[in-house]
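Below: one structure, written as structure tokens.
The values are calculated or read from the model by the stated rules, or taken from the named source; none is laboratory data. Here the structure is a predicted model, which is why all the values come from computation and not from measurement. Virtual Cβ from ideal backbone geometry, glycine too; neighbours counted across all protein chains shown.
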Amino acid sequence: MLSGCTQQASNLADTYSLLYKGFPDASYSNEEIQALPYASIYARLGDGPRGFLVLAYAEPYAHNQTSLKWMSADNEVIETASGRVIKTLKLPGTNLAKLDSDTPDPLSLGLLNPSTPKTWQFRIDFMPGYHFGYSATSVFENKGNAKVTINGVARSAVYTEETVSISSLHKSYTNQYWLDPSSGKVLKTVQYPAPNMDAVSVTFLKTYQGAQ
């Protein structure tokens, strides 16, 4: 079912634009984050300011996933599914318009499950310009145990890298994921959603009480 945020939820996001380099990073205590009735993330585009975004919508997505649309007070949107950025809106520069695949994302199946495929093929559209249906291939590699800091709290994680190749553009880039050792869910990630797009860093703070 579709769930939308209220105007009050939208106003909880820091009023900032990812256009403005040098803006102060958003910072909330764990107590403040948990006291809010909304799921939330920290997000950063490239070397821009870290913003606090709240969940605006949760919708059914491909292969039994749930897409989560995180919104800033400036209506910038980062949409994720199973921890992967699947769409962006109103970010400066390049935006990912669409990501789809004929097979489930290994992130949705649990990368720590030995039976989960470690290669995946998908298609992306990005803008500006007419960039539609580019085929991409990704390869996941488990890099071992690591520590990740979530809002000042150190947590155990499994660090995984994903190498994405788009042969028609002669482009490749590496995405990073820190996974919960028990659930396999993404705790933090740094991704390049589309070619020539700045890295998007997402830290999941208060998770949606459903599927990521």
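Details
- Any pair with Cβ under 7 angstrom, 6 or more apart, that starts in the range 174-201 at a residue that is touching a residue at least 24 places away in the same chain (Cβ under 8 Å) and ends at one that is in a loop (DSSP other than H, G, I, E, B) and among the aliphatic types (A, V, I, L, M): LEU179/LEU111; LEU179/LEU112; GLY184/LEU111; GLY184/LEU112; GLN191/ALA199; TYR192/ALA199
- Meets criteria (at pLDDT 95 or above and within 21 Å of THR137 (Cβ to Cβ)) for THR88: no
- Positions within the range 63-116 being small (Gly, Ala, Ser), surrounded by 21 or more Cβ atoms within 10 Å (Cβ to Cβ) and within 12 Å of the chain's Cα centre (by Cα), in sequence order: ALA81, SER82, GLY83
- Of all the numbered requirements in (1) more than 16 Å from the chain's Cα centre (by Cα); (2) modelled with pLDDT of 95 or more, GLU31 misses one, and that requirement is (2).
- Any hit, the range 112-124, residues being farther than 25 Å from LEU96 by Cα, without any contact (Cβ under 8 Å) to a residue 12 or more places away in the chain and not β-branched (Val, Ile, Thr): yes
- Here is the figure for the range 164-194: residues that are of a type outside the set (Phe, Trp, Tyr) and under 16 Å from the mean Cα position of the chain (by Cα) total 16.
- Qualifying residue in the range 94-103 (condition: out of contact with any helix residue (DSSP H, G or I) (no Cβ under 7 Å at 6 or more places or on another chain), of a type in the set (D, E, K, R), farther than 17 Å from HIS131 by Cβ and at pLDDT 95 or above): yes
- Pairs where the first residue, in the range 129-156, is modelled with pLDDT of 95 or more and the second is surrounded by 12 or more Cβ atoms within 10 Å (Cβ to Cβ) and among the basic types (Lys, Arg), C-beta under 6 Å, 6+ apart: GLY133/ARG123; SER135/ARG123; PHE140/LYS118; VAL148/ARG155; VAL148/LYS188
- Test: residue in the range 32-45 that is touching a Leu at 6+ places or on another chain (Cβ under 8 Å), surrounded by fewer than 21 Cβ atoms within 10 Å (Cβ to Cβ) and either polar (S, T, N, Q) or assigned to a loop (DSSP other than H, G, I, E, B) (or both): yes
- Applying the condition of being exposed (fewer than 14 other Cβ atoms within 10 Å of the Cβ) and aromatic (Phe, Trp, Tyr) to the range 117-156 and asking which residue is farthest from SER182 (Cα to Cα) yields TYR130.
- Members of the range 86-110 found to be in a loop (DSSP other than H, G, I, E, B), over 17 Å from ALA199 (Cα atoms) and in contact with a Phe, Trp or Tyr (Cβ under 8 Å, 6 or more places away or on another chain), listed by number: SER101, THR103, ASP105
- In the set SER165, SER156, SER172, SER135, only one residue is in contact with a strand residue (DSSP E or B) (Cβ under 8 Å, 6 or more places away or on another chain), among the small types (Gly, Ala, Ser), within 30 Å of GLU31 (Cβ to Cβ) and in a strand (DSSP E or B); that residue is SER156.
- Output for the range 71-85, where each listed residue is modelled with pLDDT under 95 and either part of a strand (DSSP E or B) or not small (Gly, Ala, Ser) (or both): MET71, ASP74, ASN75, GLU76, VAL77
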